[in-house]
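Notes for the one structure printed next.
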Amino acid sequence: MAEQPRLKLNDANDFPQFGLGVWQVPNDGAAAAVLTAIEAGYRAIDTAAGYNNEEGVGEAIARSPVPRSELTITTKLRNDEQGYDAALRAFDRSMKYLRLEKLDLFLIHWPVPQRGLYVETWKAFIRLREEGRIRSIGVSNFMPGHLTRLIEETGVTPAVNQIELHPRFQQKTSRGFHAAKGIATQSWSPLGQGKVLADATIGELAKKYGRTPAQIIIRWHLDNGLIVIPKSVTPARIRENIGVFDFKLAAEDLARIDALDDAGGRIGPHPDQFG
Ligand code: NAD
C-alpha cells in the first residue's frame, strides 16, 4: 500500500490524515471492526465516551497485531462531563476503558455554550497534556466564536477541531479560521453519513477515475488537507475506504466537488444548540 499521509499539528506532533470512525458501532462489535481496520492498514481510530464503545476499542488495541506506538487513538469528553474536575474524572474512565497509559488526542465533544463550561474544561485538558497523559488536545463542533474565547482566555490554541464536513457542507468559513490559527480540521460524517455517495457528480468522477464514490469523496478530503475518518463496520467497505493513497483528483475535479457545497447541507445539530 502507498504510504499514508500525516499532518503536522500546531503542537509539533504529527497525525494520520486518515482513520476509522466508530460512531454507532455497538460496544460488542467495535473490537471486530477496529481489528479489521488495523489489518487493512488503518492506524488511527476515532471514538468518544458518548459512543459507549471505548471498551470494545480498548479490546482491539490490546489484541492488535500492530504495536500501540503505531496507533493513534482519539476519544472525546461527554457533554455532561464538562467542568474541570468532571473532565479529569471522565478522562481517567476513558483511559481505563481504552486500556491506555497515554492518549493521542482528547477532544471536547461539543461546546455546549449554554452551560458555559468549555473554558474550565479546556483548562483540565491543558493540565492533562502538561502531565504527559495526552499527546494532543483539541475540540469538536467549535465555531470561530467559541475558539476565539478559548484561545483568549487560556492562551492555548486547540491542535484540531473536528466538525461536520462533507461535499454538501464544506465549512469554508471555519476552515479559513482554522488555517489562520494553525488548527487542523477533521471532517466528521465525511461521506455525509452515506448520503453523498449517490450524488451524480461523484458518480461521474468515480467512473472517470475507476474508483468507488466513497474513494472519490475520501480523496477530496485528503486533497484539501483535511483529516478524514469514514465509518464502516463492513469489512469490504473498510478495505475499500483505505484504497485512496495511490491517486489524486485533478484540480478541475476538485473544483467540481467544491461546487456541491450547500449552505443548507448540514446533517447534524447546530453547535450553538446541541447538548
Ligand atoms: P460517514 O460519513 O463516515 O458515513 C458512514 C456511513 O456511510 C456508513 O454507516 C455506511 O452506511 C456508509 N458507508 C461507509 N463506507 C461506505 C462505502 N465504501 N460504500 C458505501 N457506503 C459506505 O458517517 P459518520 O459515521 O457519521 O462519520 C464518521 C465518523 O465521524 C464517526 O464514526 C465518528 O467517529 C465521527 N463523528 C463525530 C461527530 C462529532 O460530533 N465529533 C459526529 C458524527 C460523527
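Every number in this text was worked out from the coordinates using simple rules, so none of it is lab data. This structure is a prediction, so every number in the text was calculated from the model and none was measured. Cβ placement follows ideal geometry from the backbone for every residue including glycine, while neighbour counts extend to all protein chains displayed.
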Checklist outcome for this item: Checked pairs for the range 187-210, first free of Cβ contacts under 8 Å to residues at least 12 places away in the same chain, second part of a helix (DSSP H, G or I) and within 15 Å of the ligand (Cβ to nearest atom), C-beta under 9 Å and 6 or more apart or across chains, list as Gly194/Ala214; Gly203/Pro213; Gly203/Ile216; Ala206/Pro213; Ala206/Ala214; Ala206/Gln215; Ala206/Ile216
Checklist entry - Does the range 86-100 contain any residue that is crowded, with 18+ Cβ neighbours inside 10 Å, part of a loop (DSSP other than H, G, I, E, B) and in contact (Cβ under 8 Å) with a residue 40 or more places away in the chain? => result yes
Item to check | Matching residues, the range 193-218, being out of contact with any helix residue (DSSP H, G or I) (no Cβ under 8 Å at 6 or more places or on another chain), within 13 Å of the ligand (Cβ to nearest atom) and over 17 Å from Ser140 (Cβ atoms) | outcome: Gly194, Lys195
Checklist entry - Could we say that Val228 is touching a Leu at 6+ places or on another chain (Cβ under 9 Å) and farther than 26 Å from Glu3 by Cα here? => result no
Checklist entry - Just to be sure, is Ser69 part of a helix (DSSP H, G or I) and touching a Lys or Arg at 6+ places or on another chain (Cβ under 9 Å)? => result no
Checklist entry - Where residues in the range 139-165 are touching a residue at least 12 places away in the same chain (Cβ under 8 Å) and among the polar types (S, T, N, Q), which of them is nearest to Arg78 (Cα to Cα)? => result Ser140
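Here's the yes/no breakdown for (1) part of a helix (DSSP H, G or I); (2) touching a Ser or Thr at 6+ places or on another chain (Cβ under 6 Å):
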{"position": "Leu147", "(1), (2)": "yes, no"}
{"position": "Leu150", "(1), (2)": "yes, no"}
{"position": "Pro158", "(1), (2)": "no, no"}
{"position": "Gln162", "(1), (2)": "no, yes"}
{"position": "Thr185", "(1), (2)": "no, no"}
{"position": "Val196", "(1), (2)": "no, no"}
{"position": "Leu205", "(1), (2)": "yes, no"}
{"position": "His221", "(1), (2)": "yes, yes"}
Next on the checklist: Just to verify a result, which residue in the range 211-241, among those that are of a type outside the set (Gly, Ala, Ser) and without any contact (Cβ under 8 Å) to a residue 24 or more places away in the chain, is nearest to Gly19 (Cα to Cα)?
Outcome noted: Arg237
Next on the checklist: It is to be established whether one or more residues within the range 253-264 are within 14 Å of the ligand (Cβ to nearest atom) and either under 23 Å from Gln17 (Cα atoms) or assigned to a loop (DSSP other than H, G, I, E, B) (or both).
Outcome noted: no
